[in-house]
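One structure below.
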Amino acid sequence: MKIVKPMYLFFDYLYESIEQIGEETLSEWLHKEVPVLKFCVIDIVDQEEKELSTQWAWPHDNEIDAFREMKEENK
């Protein structure tokens, strides 16, 4: 079963919050990339994960598209 979880995309990883990325990492790499909020379709078993690779989630720019994909996956 799939769920939708808002996460922050930073390079190729998704984080539960900006704090999860870490202040040191952000200060070192913020000039190259800014964390972006995405709505991710993930397996329910991964819902407690604080960090995921993009290969284990389907990030979307908006909630509507994410929920559409989730419904399709859960059919």
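If you go through segment 20-75 and keep only what is acidic (Asp, Glu), without any contact (Cβ under 8 Å) to a residue 24 or more places away in the chain and over 14 Å from Pro6 (Cα atoms), you end up with Glu23, Glu24, Glu28, Glu33, Glu72.
Take the residues in segment 22-45 that are loosely packed, with under 10 Cβ neighbours inside 10 Å and charged (D, E, K, R); name whichever of them is nearest to Phe10 (Cα to Cα).
Looking only at segment 22-45, we keep the residues that are loosely packed, with under 10 Cβ neighbours inside 10 Å, and these are 23-24, 27, 31-32, 45.
So of that shortlist, the ones also charged (D, E, K, R) come out as 23-24, 32.
Working: Glu23: 13, Glu24: 14, Lys32: 10 Å.
Among them, the one singled out is Lys32.
Looking only at residues of segment 38-48 that are farther than 16 Å from Glu72 by Cβ and in contact with a Leu (Cβ under 9 Å, 6 or more places away or on another chain), we find that the one that is modelled with the highest pLDDT is Lys38. Looking across segment 46-72, just one residue is in a strand (DSSP E or B), open to solvent by 60 Å² or more (accessible area, probe 1.4 Å) and closer than 17 Å to Pro35 by Cβ, and that is Glu51. Taking (1) over 9 Å from the mean Cα position of the chain (by Cα); (2) closer than 16 Å to Tyr8 by Cβ; (3) of a type outside the set (Ser, Thr, Tyr) in turn, Leu52 satisfies each apart from (1).
The values are calculated or read from the model by the stated rules, or taken from the named source; none is laboratory data. Please read these numbers as outputs of a predicted model, since none were measured by experiment. A quick note on method: Cβ atoms are made from the backbone with ideal geometry, for glycine too, and the neighbour counts reach across all protein chains shown. SASA here: full protein model, heavy atoms, side chains in, ligands and nucleic acids out. Shrake-Rupley method; radii C 1.70, N 1.55, O 1.52, S 1.80 Å.
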